[in-house]
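Structure record follows, encoded as structure tokens.
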Amino acid sequence: VWPFAIDRLAVPLIPLAIPTILLGASALGSRGGGSRGRAWAGTIMGLTLILSGTWRDTKAVARLAECPQGAFYATESPCTTAEQRSLVAGAVLTRQYLPAGAAVVTLSTPVVYHFGGHLTVHAGQLPDPPVSDVRPWLDTVGAHYLLVTAFGKRVARSLLPACESLTVVARAEPLVLLLAPYPSDGGQESACEPLRQFLRETELLSRPPGPR
């Protein structure tokens, strides 16, 4: 599975693509009209690029101006997806519940660090194939907690075989579980049923709406 967002690779190419387009348009113009044709073709193409970018940015600004401010992750809005709201709500949850210096396993390390203020370990390092006890792995990577959100459903699937070795520290909406290693003295509920419920709810979330 390709793990990277295509736009992350395409955006850095834009500064190279624009001069290439302008030079190509100028070259085509020079074939039909010499130096004057080259100047006109380059000017027209440049204005086209400027106007198209301005129109796109104006629409984006107008759309974002309608977005709720402040705790945007707590409000359903066309500006955010349920997965994005779940991820940010989870990051905020780490700030509320975890002690300073705690390291969190998460699929989106920048978001958790920004909103939660905690050190992070990327969930892509989770044991593969999944193991029945993640506590030795957590000790190895120096992590203390695991954050499961709707943004990373595969993290919940990876942790389900190890659910007996985990317990739930806190929950939040929409679809957030903050997990910790199950204490050696017991006395707490394992994360098995919460993870199963989480997966059931995220599967419903990912299904397209049916006919009404």
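The values are calculated or read from the model by the stated rules, or taken from the named source; none is laboratory data. Note that the structure is predicted; figures quoted are calculated from it, not measured. A quick note on method: Cβ atoms are made from the backbone with ideal geometry, for glycine too, and the neighbour counts reach across all protein chains shown. Heavy atoms of the whole protein, side chains included, go into the accessibility calculation; ligands, DNA and RNA do not. Shrake-Rupley method; radii C 1.70, N 1.55, O 1.52, S 1.80 Å.
How far is the Cα center of the range 78-118 from the Cα center of the range 28-66, in Å?
Centre-to-centre distance over Cα atoms comes out at 40 Å.
Karplus couplings for the range 120-125 from phi (6.51 cos²θ - 1.76 cosθ + 1.60, θ = phi - 60°), rounded to Hz, Gly and Pro as x?
9, 10, 6, 5, x, 8
Using a 1.4 Å probe and counting only protein heavy atoms, arrange Tyr182, Tyr97 so the residue with the most accessible area comes first. It would help to have the intermediate numbers written out before the result.
On the way: Tyr182 50, Tyr97 130 Å².
Most to least solvent-accessible, the answer reads Tyr97, Tyr182.
Can you work out ³J(HN,Hα) from phi for every residue in the range 102-112, in order, using Karplus 6.51 cos²θ - 1.76 cosθ + 1.60 and θ = phi - 60°, giving whole Hz and x for Gly and Pro?
Rounded to whole hertz, the list is 6, 9, 10, 7, 8, 7, 10, 5, x, 5, 5.
Hey, can you rank 35-41, 173-179, 140-146 by average C-beta count inside 10 Å, highest first? Walk me through the intermediate numbers first.
Details: 35-41: 15.0, 173-179: 21.1, 140-146: 17.3.
Descending mean neighbour count gives 173-179, 140-146, 35-41.
If I compute solvent accessible area with a 1.4 Å probe over the protein chains, what percent of it on the range 131-177 is carbon and sulfur? If you can, show how the numbers build up before the last one.
Working: 1060 of 2060 Å².
Reported share for carbon and sulfur atoms: 52 percent.
Based on C-alpha coordinates, I'd like the Rg and Dmax of the chain, in Å.
24.2, 85
Among residues other than Leu175 whose Cβ falls under 10 Å from its Cβ, what is the net charge (Lys/Arg +1, Asp/Glu -1)? Please report the intermediate quantities before stating the final value.
Working: positive: Arg85, Lys153, Arg171; negative: Glu83, Glu173, Glu201.
Neighbourhood net charge equals 0.
For the chain, report the accessible area per residue in Å² (1.4 Å probe, heavy atoms, rounded to an integer).
Values: 13340 Å² over 212 residues.
The answer is 63 Å² per residue.
Taking 8 Å as the Cα distance limit and 6 or more residues as the minimum spacing, I'd like the relative contact order of the range 15-139 as a percentage.
Working: 103 pairs, mean separation 15.3, N = 125.
The normalised contact order for the range 15-139 reaches 12 percent.
What is the angle, in °, between the Cα long axis of helix 82-97 and the longest principal axis of the Cα atoms in the chain? Nearest 10 is fine, range 0 to 90.
50
Where does the chain land at 222 nm, in deg cm²/dmol rounded to the nearest 500, when only DSSP H runs of n ≥ 4 count, each adding -39500 (n - 2.57), divided by all residues? Write down the numbers at each step before the final one.
Working: 7 runs with 110 residues, N = 212.
That calculation yields -17000 deg cm²/dmol at 222 nm.
Just the number, please: percent antiparallel of the DSSP beta bridges in the chain, rounded to the nearest 5. Present the calculation step by step, with values, prior to reporting the outcome.
Numbers: 11 of 17 bridges.
The answer is about 65 percent antiparallel.
About its Cα centre, how strong a charge dipole does the chain have in debye, to the nearest 20, once Lys and Arg get +1 and Asp and Glu get -1 at the Cβ?
For the chain, the charge dipole is close to 1200 debye.
What residues of the range 22-41 lie in the reach of a label at Ser52, counting those whose backbone N is under 12 Å from a point 7 Å from the Cα along Cα→Cβ?
It comes to 22, nothing else.
Express the relative contact order of the chain as a whole percentage, based on alpha carbon pairs under 8 Å and six or more residues apart in sequence.
Numbers: 275 pairs, mean separation 29.8, N = 212.
Relative contact order for the chain comes out at 14 percent.
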